[in-house]
Each structure stands twice: as structure tokens, then as C-alpha cells.
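The numbers here are math on the coordinates, done by the rules we state, and not lab data. What you see is a predicted model, and the numbers here were worked out from it, not measured in a lab. Counting neighbours? That spans all protein chains shown, and the Cβs are built from the backbone with ideal geometry, glycine included.
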Amino acid sequence: MRIQSSHHHADRGLDAYFSPPEATASLLGIESGHLPRRILEPAAGDGAIFRPLQAAGYTVIAFDIVYYGLIGCRVGINYLEAPPIAGVEGIVTNPPYKLALLFAEKALSEVPYLALLAGSSRTQQYLLRLVRMGSAVPTKIDNRMVRLERLSGAGSGATASPC
């Protein structure tokens, strides 16, 4: 399955395909009771995840490997090579598709909460992988997959249904 493009990976550069506002709005609707207060967004891009989380009152640290115009984003940081950020309780991100597994593995070694967003512009559906582990990294990961469906109209009205 190809995600958000009909390009081959070699043509996609750094895999910079940004999340739609519906995806973060749905995340907030589903997870507001579980999201940690201090979040890292390590592939912040244009801020599509960062801005809504920050507007909802979360403390969000944003960085990315290149600058995409997000004011306050720490630029030039490759998450896969970066040391853990002290005080971060969770990671919410839409990583480069071809690096998603590596992002997830690193995140799960650093924080007890992870939400990965991935989308398909062709089907207009968004997948949200949630991992909540409590206070210590478990040997068995408890996760669930949620399909976020984009409805007509911008931003409001996004719904979520379990897959």
C-alpha cells in the first residue's frame, strides 16, 4: 500500500507529507484523557500536529531535520540520532513513512506514550497507532489501531472508528 503519494520512495526525498487538520483533531477527541502534558513532535514539518496540541494546552517540543516554516521548531535534528529529551512524557508524530518503524522503536525506548499518524490522500483515511504503556516500558506492547475518516468540510466533524 502506498501512503499519500503515487511516487516511488526514491522520488520522495525526505518523505515530507504533512498531516491534515482532521487527523490531529481526531487524536485530541479520542485521546484527550490519555495524552501526556509534555509531548515531543520529532517530525514537526509545517506544524500540523504541533499547533493543535499546543492550542489545546499541551507543552509541545518540535523539531525536524529541515525547516518547513514552523516558527519555534528546532531545525537540523535527526530524531533517529538525537538523544532523548528530558521531561518528555510522550511522542506524537507523523514520521517519514519509510522510517516509521525506526521512529516507533526509538520512541518506545524513550517514552511511555506514542501516537503515530499515517495517512492516505487517495482513500482520505488516516491511521493512528496508539501505544500506552503506563510508567515503565513493558515486554508486551498494548496498542490499538484507529481509522480516522475525513469528512467533507475542514477540520471539524472528523470521526474515529476502531479498525
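Quick look at the values:
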read-out: Integer Hz, Karplus 6.51/-1.76/1.60 couplings in order for region 68-81, x for Gly and Pro; value: 10, x, 7, 5, x, 7, 7, 9, x, 9, 8, 3, 5, 10
read-out: Three principal axis lengths of region 50-101 [C-alpha, angstrom, descending]; value: 30, 25, 19
read-out: Charge sum, other residues only, whose C-beta stays under 11 Å from TYR79's C-beta, Lys/Arg counted +1 and Asp/Glu -1; value: -2
